Amino acid sequence: MIEAIVLDWAGTTVDYGSRAPIIAFKNAFAHFGIQLSENTIRQDVGLDKMTHVRKMLQESAISENWETSHPDIPLAQAADKVYAQFQIEIGKVLGETAKLKSGMTELIHFANTHHIQLATTTGYTQAMLDQILPLAADQGYEPRYNITSEQTQKVGRPQPDMLQLAMKKMNITDPSHVIKVGDTINDVLEGRNAGTISVGVVEGGNLIGLSQAAFESLEIQDRDRYQIKAAAILKEAGADEIINNIADLIPLIESINDRQHEMPILLTPGPLTTSKTVKETMLLDHGTWDDDYKELTQWVRRELVTIGNATEANYTAVLMQGSGSFGVEATLGTAIPKQNATLLIAANGAYGERMIEIAEYLDIPHVSLEIPEDQPVSLETVEETLSAHPEISHFAVVHCETTTGILNPIEKLIPAMNERGIVTIVDAMSSFGGIPIDLERLHVDYLVTSSNKCVQGVPGFSVVLAKKATLEQTKGNARSLSLDLYAQYKTFEDHDGKWRFTSPTHVVYAFAQALRELVVEGGVSARTHRYSTNEALLREGMHDLGFEMVINSEVQSPIITSFKYPTDDFDFHAFYEYLKDRGFIIYPGKVSKCDSFRIGNIGEVSPNDISRLLGLIKNYTTDILKMTV
């Protein structure tokens with residue numbers, strides 16, 4: 001729930017167009033014979049005023065003008081002179097521009113009735129605020145706390161110090177429960193750096209810069225043009241949300257509160273966070289014999305082949321009820337003949353070990369090549385094993401081993417196996433749809449994934465993408481009735497998309513919607529970019545917070561990242577519950593050689609979500625440190 005709103009002053013809550021600081025800066029520099037354009041001043045509005053003066057004086061044209069006009073006053077002293085004059089000039093105009101902007105009265109009432117605290121951070125000094133505060137109070141606006149950089153050792157925006165001090169004073173520890181609102185890029189950055197929800201306001205703000213009378217005199221299309229441009233700049237700066245009028249915060253807060261009441265964000269390798277539209281698709285019931293449903297099943301199968309960069313002439317998609325492990329077991333149990341065949345399993349984590357366990361259960365002759373969990377499977381090691389075991393006919397490996405997040409080099413392993421005539425099986429459970437895979441170029445025989453991974457559907461069925469020529473040789477191989485991959489394939493082919501046994505209809509419809517949304521996002525390459533951005537942000541942020549990765553970043557996938565416990569007495573359960581209570585669910589570690597935990601980067605998750613998570617982890621580690629001091 002939103003507990004507080006931290007607002008800017010000029011251009012956000014008072015002073016339509018943020019005119020006061022512009023006028024004061026212009027007049028202060030003009031006092032020394034230097035004429036500034038509004039564009040020059042507005043570039044850094046939002047900083048504390050001394051910092052702003054110094055930045056303008058660093059521009060070559062302004063510094064040269066100063067040195068020419070005032071050779072007796074060194075440039076090093078210029079900022080003090082201009083700033084002193086600015087304080088005089090701002091005092092002349094603050095009172096004239098302290099009128100509350102439209103929408104503020106409604107927002108104040110909403111905050112009061114919903115027990116939401118109001119506070120401010122500003123580039124103004126306390127002396128300047130002292131002029132504004134009684135005028136705002138006369139209009140019904142009395143923020144509980146007003147923070148200037150004088151209270152944060154002169155550290156102002158875009159650093160988070162003022163905002164963090166406001167949160168501390170309000171006794172709020174979770175930045176995701178705070179909205180920071182402002183009309184400048186520095187406001188947006190302040191909110192992002194503090195881990196809060198950062199909201200940019202357009203109307204009457206600095207990026208439009210017009211007085212209310214001047215703006216309202218514009219033609220409607222010109223107003224729209226100004227607003228669109230300002231919104232784009234704030235969004236580019238990283239604003240989580242853009243509002244036009246300050247009163248638009250009211251429905252936004254209601255929406256955020258509704259979202260925060262929903263299920264938390266799953267930062268796991270699957271099940272993962274799905275979109276609202278994927279969830280909504282499951283609200284209708286469907287029959288398994290329905291022609292529309294069978295047609296949808298066939299469409300899903302074709303789309304999966306396309307995502308695998310393959311043709312329907314050479315590859316097919318077989319859907320199998322159950323989790324990903326059902327698909328792996330169906331593949332191993334069907335692909336390997338009952339006689340004269342040996343499977344080599346390269347395992348460097350829990351899911352490679354699971355394939356070994358399946359082979360043991362099914363009594364499949366196999367060779368286990370066990371690699372350290374923090375090392376990728378190398379072609380050299382595999383070839384050494386093949387030389388020692390010429391009987392090997394099949395090879396299985398996990399692409400992204402979610403035990404650690406390591407990415408095994410299938411682009412080297414699979415073609416080399418194909419050249420030897422070895423049938424290949426790739427567990428791409430957590431990578432397919434999130435990392436580009438070219439089935440035809442690599443000559444993969446079988447690739448296994450599931451509905452609840454990077455395509456971003458929900459759990460319910462697994463997917464086996466199989467080379468037709470290979471699959472069609474497996475009739476009679478299966479060790480199970482239900483998990484007979486060949487029989488499942490033939491039923492789909494011979495009965496127009498009919499499943500052999502009762503299928504997860506709701507899950508299939510949800511998966512179809514997820515496939516459509518993958519296309520809308522820009523395909524696998526666009527999704528890879530988002531996941532990679534999430535992972536890099538997470539990895540770098542966790543490093544800054546003192547967390548060490550389990551594996552080398554060079555072999556790290558964009559799917560899930562494993563971190564070592566920061567201390568011997570680290571309480572993972574408490575850490576997990578802290579994050580869960582604040583809307584994020586992570587995974588415990590599976591690495592055997594060290595205590596660890598895992599954070600997924602996939603699903604309907606954005607870099608803003610990762611930033612909020614890092615803010616929470618920072619608060620948690622800070623709180624723990626305080627408790628141990």
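None of the figures in this text is laboratory data; all of them are computed from the coordinates on show. Small disclaimer: the values here were computed from a predicted structure and weren't measured. Heads up, the Cβs are rebuilt from the backbone with ideal geometry, glycines too, and the neighbour counts pull from every protein chain shown.
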Give the separation of the Cα centroids, the stretch 10-88 to the stretch 309-342, in Å.
70
Say R0 is 51 Å: what FRET efficiency, to the nearest 0.05, do Gln159 and Gln221 get from their beta-carbon distance?
0.85
Just want the ordering: Leu210, Leu319, from fewest to most Cβ atoms lying within 10 Å of their own Cβ.
Leu210, Leu319
May I ask for the angle, rounded to the nearest 10°, between helix 350-361 and the longest principal axis of the chain, with both axes built from Cα atoms and the value confined to 0 to 90°?
20
Express in nm, to one decimal, how much length is gained between Thr533 and Thr567 on full extension, taking 0.36 nm for each residue of separation and deducting their alpha carbon distance.
9.5 nm
Rg and Dmax [Cα atoms of the stretch 523-628; Å; Rg one decimal, Dmax integer]
13.6, 48
Among the lysines, which fall within straight-line cross-link reach of Lys55, defined as a Cα-Cα distance under 23 Å, with same-chain neighbours fewer than 8 residues apart omitted?
Lys26, Lys81, Lys154
Expressed as an acute angle from 0 to 90° and rounded to the nearest 10, what is the orientation of the C-alpha long axis of helix 19-30 relative to the principal long axis of the chain?
60
Semi-axes of the equivalent ellipsoid for the stretch 93-205, please: Cα gyration tensor eigenvalues, times 5, square-rooted, ordered largest first, whole Å.
20, 17, 14
If you count the DSSP beta bridges with both ends in the chain, what percent of them are antiparallel, to the nearest 5?
40
Spherically averaged projected area of the stretch 19-96 from its Cα convex hull (nm²)
4.6
Taking amide H positions as placed 1.01 Å from N in the peptide plane, with prolines and chain starts having none, which residues 5 or more places from His366, or on another chain, fall under 5 Å of its amide H?
Leu343
Low-density loop positions, trypsin sites (Lys or Arg not before Pro), the stretch 446-539 - DSSP coil, at most 13 other Cβ in 10 Å
Lys475
With the dipole of the stretch 19-96 worked out from charges on the C-beta (+1 for Lys and Arg, -1 for Asp and Glu) around the Cα centre, which of Trp66, Val93, Phe25 lies farthest toward the positive end?
Val93
Once both label points are put 7 Å beyond Cα along the C-beta direction, the Gln35-Val520 separation in nm becomes 5.2
As a check on your grasp of the helix formula, calculate [θ] at 222 nm for the chain: sum -39500 (n - 2.57) over DSSP H runs of n ≥ 4, divide by the residue count, round to the nearest 500.
-14000 deg cm²/dmol
Within a 10 angstrom radius of the beta carbon, how do Ser592, Ser323, Ser37 rank from fewest other beta carbons to most?
Ser37, Ser592, Ser323
For the stretch 251-402, the Rg and Dmax computed from alpha carbons only, in angstrom:
20.8, 68
When only Cα pairs under 8 Å and 6 or more residues apart are kept, what is the percent relative contact order across the stretch 1-138?
40
Would you please give the residues with an amide H less than 5 Å from that of Val318, counting only those at least 5 places away or on a separate chain, with H modeled from the backbone geometry?
Val464, Leu465, Ala466
Relative contact order [Cα under 8 Å, 6+ residues apart], the stretch 147-214, whole percent:
27
For the stretch 46-135, what does the alpha-carbon gyration tensor say about shape, rounded, prolate or oblate, given a ≥ b ≥ c as the root eigenvalues, a/c under 1.5 as rounded, and a/b over b/c as prolate?
prolate
Using alpha-carbon positions, the gyration tensor of the stretch 254-318 gives root eigenvalues a ≥ b ≥ c; with a/c under 1.5 called rounded, otherwise prolate if a/b exceeds b/c, else oblate, the class is oblate
Given charges of +1 on the Cβ of Lys and Arg and -1 on the Cβ of Asp and Glu, with all other atoms neutral, how large is the dipole of the stretch 523-628 about its Cα centre, in debye to the nearest 20?
280
Short version: ³J(HN,Hα) in whole Hz for each residue of the stretch 597-612, in order, from phi by Karplus 6.51 cos²θ - 1.76 cosθ + 1.60 (θ = phi - 60°), x for Gly and Pro, what are they?
9, 10, 10, x, 10, 10, x, 6, 10, 10, x, 5, 5, 5, 4, 5
Under the classification rounded if a/c is under 1.5, otherwise prolate if a/b is larger than b/c and oblate if not, where does the stretch 137-279 fall, given a ≥ b ≥ c as square roots of the Cα gyration tensor eigenvalues?
oblate
Size of the dipole of the chain about the Cα centre, Lys and Arg at +1 and Asp and Glu at -1 on the beta carbon, nothing else charged, in debye to 20?
300
Could you give the angle, 0 to 90 degrees to the nearest 10, between helix 572-581's Cα long axis and the longest principal axis of the Cα atoms of the chain?
60
Sorted from largest to smallest, which semi-axis lengths in Å does the alpha carbon gyration tensor of the chain give for its equivalent ellipsoid, taking the root of 5 times each eigenvalue?
59, 26, 22
Could you give me the percent of Cα pairs per 5 Å distance bin for the stretch 301-501, shortest bin first, beginning at zero and ending with the bin that holds the maximum distance?
1, 8, 18, 22, 23, 16, 9, 2, 1, 0
Multiplying the sequence separation of Asn244 and Ile88 by 0.36 nm and subtracting their Cα-Cα distance, what value in nm do you get?
52.9 nm
Could you grab the relative contact order for the stretch 336-475? Cα pairs under 8 Å, six or more apart, rounded to a whole percent.
20
For the stretch 110-124, 3J(HN,Hα) per residue [Karplus equation, 6.51 cos²θ - 1.76 cosθ + 1.60, θ = phi - 60°, Hz, x = Gly/Pro]:
4, 4, 5, 6, 10, 6, 9, 6, 10, 9, 9, 10, 7, x, 6
Mind listing the phi-derived Karplus ³J(HN,Hα) values for the stretch 151-168, rounded to whole Hz, using 6.51, -1.76 and 1.60 with θ = phi - 60°, and x for any glycine or proline?
8, 10, 6, 6, 8, x, 4, x, 5, x, 4, 5, 5, 5, 5, 4, 4, 4
Placing +1 on the Cβ of each Lys and Arg and -1 on the Cβ of each Asp and Glu in the stretch 165-301, which of Gly182, Gly204, Ala214 has its Cα farthest towards the positive end of the resulting dipole?
Gly182
Please compute the volume of the convex hull spanned by the alpha-carbon atoms of the stretch 320-412 and report it per residue in Å³.
95
Separation of the stretch 510-543 and the stretch 588-603 by C-alpha centroid, Å?
19
What longest range of the chain stays clear of loop-exposed GluC sites (Glu not before Pro) (DSSP non-H/G/I/E/B, at most 10 other C-beta within 10 angstrom)?
263-629
Report the one residue of Leu485, Asn452, Ile425 whose Cα lies farthest in the direction of the positive end of the charge dipole of the stretch 393-507 (charges on C-beta: Lys and Arg +1, Asp and Glu -1; origin at the Cα centre).
Leu485
Dipole magnitude (debye, nearest 20) for the stretch 58-197, charges at Cβ of Lys, Arg, Asp, Glu:
520
